[in-house]
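Structure first, commentary second.
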Amino acid sequence: MIEQDTVKLLRECDAGTKMGISSIDEVLSHVENKDFKKKLTVCKEEHEKLQAEIDKLLGKYHDEGKDPNPIAKGMSWMKTNMKLGMEDTDATVADLMTDGCNMGVKSLNRYLNQYKAADEVSKDIAKRLINLEEKLTIDIRQFL
């Protein structure tokens with residue numbers, strides 16, 4: 001049960017980091033403020049570091065990981081492009097990123113509760129990813 005929950009939690013973290021990286025990539029070119037752009041870039045780099053850790057751990061379990069849900073990714077892309085099409089501002093990007101981070105935090109907390117038997121290493125990764133997303137929402141409030 002421990003190994004099964006560990007792999008499932010790592011898969012969800014894998015999908016979460018991929019979604020975060022993709023979302024930041026999608027909006028970065030729309031950001032005007034240098035400080036805001038730097039915060040997003042640093043957050044993306046932290047997601048990439050976690051992604052590497054997750055890939056390594058999943059490799060130990062001979063698992064290929066998980067991509068974000070294509071429907072969720074498509075809906076996110078549509079929402080992003082629609083909102084930026086109407087109002088291409090840093091405030092719009094901050095709003096979109098805050099929504100995305102909040103959804104990620106909610107999902108990851110649900111998975112932590114669901115996969116209670118996961119090992120401490122995978123739980124720590126999930127908690128670090130949650131903290132990263134929460135920190136970004138706080139850091140970008142000034143741009144809302």
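The values are calculated or read from the model by the stated rules, or taken from the named source; none is laboratory data. It should be emphasised that the depicted structure is a prediction, and the values quoted were computed from it without experimental measurement. All Cβ positions, even for glycine, are placed from backbone atoms using ideal geometry, and neighbour counts span all protein chains on display. The protein model used for the area step is the full one, side chains on, heavy atoms only, and it has no ligands, DNA or RNA in it. Shrake-Rupley method; radii C 1.70, N 1.55, O 1.52, S 1.80 Å.
Residues to consider are Lys66, Lys37; find the one that is modelled with pLDDT under 95 and of a type outside the set (A, V, I, L, M, F, W, C). Talk me through it step by step, then tell me what you get.
Values: Lys37 fails: modelled with pLDDT under 95.
One residue alone meets the criteria, Lys66.
What residue, of Met75, Met86, is more than 22 Å from Val105 (Cβ to Cβ), without any contact (Cβ under 8 Å) to a residue 12 or more places away in the chain and not charged (D, E, K, R)? Can you show your working first?
Values: Met75 fails: more than 22 Å from Val105 (Cβ to Cβ).
Within the list Met75, Met86, the selection yields Met86.
How many residues does the stretch 108-120 hold that are touching a helix residue (DSSP H, G or I) at 6+ places or on another chain (Cβ under 7 Å) and in a helix (DSSP H, G or I)?
4
Taking Asp67 as the residue in question, decide whether it is under 15 Å from Ser23 (Cβ atoms), assigned to a helix (DSSP H, G or I) and touching a Lys or Arg at 6+ places or on another chain (Cβ under 9 Å). If you could, list the steps in order and put the result at the bottom.
Working: under 15 Å from Ser23 (Cβ atoms): yes; assigned to a helix (DSSP H, G or I): no; touching a Lys or Arg at 6+ places or on another chain (Cβ under 9 Å): yes.
No.
Could you list, in sequence order, all residues of the stretch 1-39 that are closer than 16 Å to Leu136 by Cβ, of a type in the set (A, V, I, L, M, F, W, C), open to solvent by 20 Å² or more (accessible area, probe 1.4 Å) and over 13 Å from the mean Cα position of the chain (by Cα)?
The answer is Leu28, and nothing else.
Please go through the stretch 123-139 and give me each residue that is open to solvent by less than 20 Å² (accessible area, probe 1.4 Å) and under 13 Å from Asn109 (Cα atoms), ordered by number. Explain how you work it out, then say what you get.
We begin by selecting, within the stretch 123-139, every residue open to solvent by less than 20 Å² (accessible area, probe 1.4 Å); these are 125-126, 129-130, 133, 136-137.
Hits for the stretch 123-139 are Ile125, Ala126, Leu129, Ile130, Glu133.
Considering only the stretch 65-107, state which residues are open to solvent by less than 40 Å² (accessible area, probe 1.4 Å) and either closer than 15 Å to Glu12 by Cβ or among the β-branched types (Val, Ile, Thr) (or both).
Gly65, Pro68, Thr80, Thr92, Val93, Thr98, Gly104, Val105, Ser107, listed by residue number.
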